[in-house]
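> First the structure, which I've put down as structure tokens, then a few questions once you've had a look.
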Amino acid sequence: MGATTVWERWDSMLPDGSINPGEMTSFNHYAFGAIAKFMYERVAGLQRLEPGWRRVRISPAIGATFSRAAASHVSPQGTISFEWETSVVDGDQEEFAIKATVPPNTVVEIILPGLERKEVKKVGCGEWTFRSLFRREYEWPVSPLPPKA
């Protein structure tokens, strides 16, 4: 037998709460973990730069219809938490606002979008608030490609 994708059961836990006695019973389906990682690292923007969460980056992928997100992580140093949001200021100009709480012995790089270029703010323990103006760098909604001639 050779598996082509996920070689595990999707009914590992039965409706009564017991574990399925069949083969290939598992609770380790990475497909679900990949979604969670995408939400934390890309949508919210929380990225670990060093083991132990002593250096962290907050760099959300601002795009599509997302206008706000929040995340937190309980690290060995304490809880890292933040929330960000965007709002239209004038025409195609938007404001990015972020509030972050950083525990002791932790350095966080907060990446702020900008009109000309991104700006990096390196901060330590404390509560931080930053705002910046930016323009989205893509077309949304996406236009369909014209048919080939």
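Throughout, read-outs are computed from the coordinates displayed, never taken from laboratory work. Since the model is a prediction, treat every value here as computed from it, not as a measurement. Cβ atoms come from the backbone with ideal geometry, glycine included; neighbour counts cover every protein chain shown.
> Order by neighbour count: SER87, SER143, fewest other Cβ atoms within 10 Å first, most last.
Numbers: SER87 10, SER143 7.
So the residues, fewest neighbours to most, are SER143, SER87.
> With runs of 4+ DSSP H residues as the only contributors, calculate the mean residue ellipticity of the chain at 222 nm using -39,500 (n - 2.57) per run, divided by the residue total and rounded to the nearest 500.
Numbers: 1 runs with 9 residues, N = 149.
Helices in the chain give a 222 nm mean residue ellipticity of -1500 deg cm²/dmol.
> Oh, and also: Could you list TYR40, TYR138 in order of exposure, starting from the residue whose Cβ has the fewest other Cβ atoms within 10 Å?
On the way: TYR40 17, TYR138 8.
In increasing order of surrounding Cβ atoms, one gets TYR138, TYR40.
> Something else now. Scan (i) 15.9, 49; (ii) 17.1, 50; (iii) 20.7, 61 for the value of Rg and Dmax of the Cα atoms in Å calculated from this model and give just the label.
So the structure-derived entry is (iii).
> While we're here: In what sequence do LEU145, LEU46, LEU112 fall when counting other Cβ within 10 Å, fewest first? Each step should come with its number before you reach the end.
On the way: LEU145 6, LEU46 23, LEU112 20.
Listed from fewest to most nearby Cβ atoms, that is LEU145, LEU112, LEU46.
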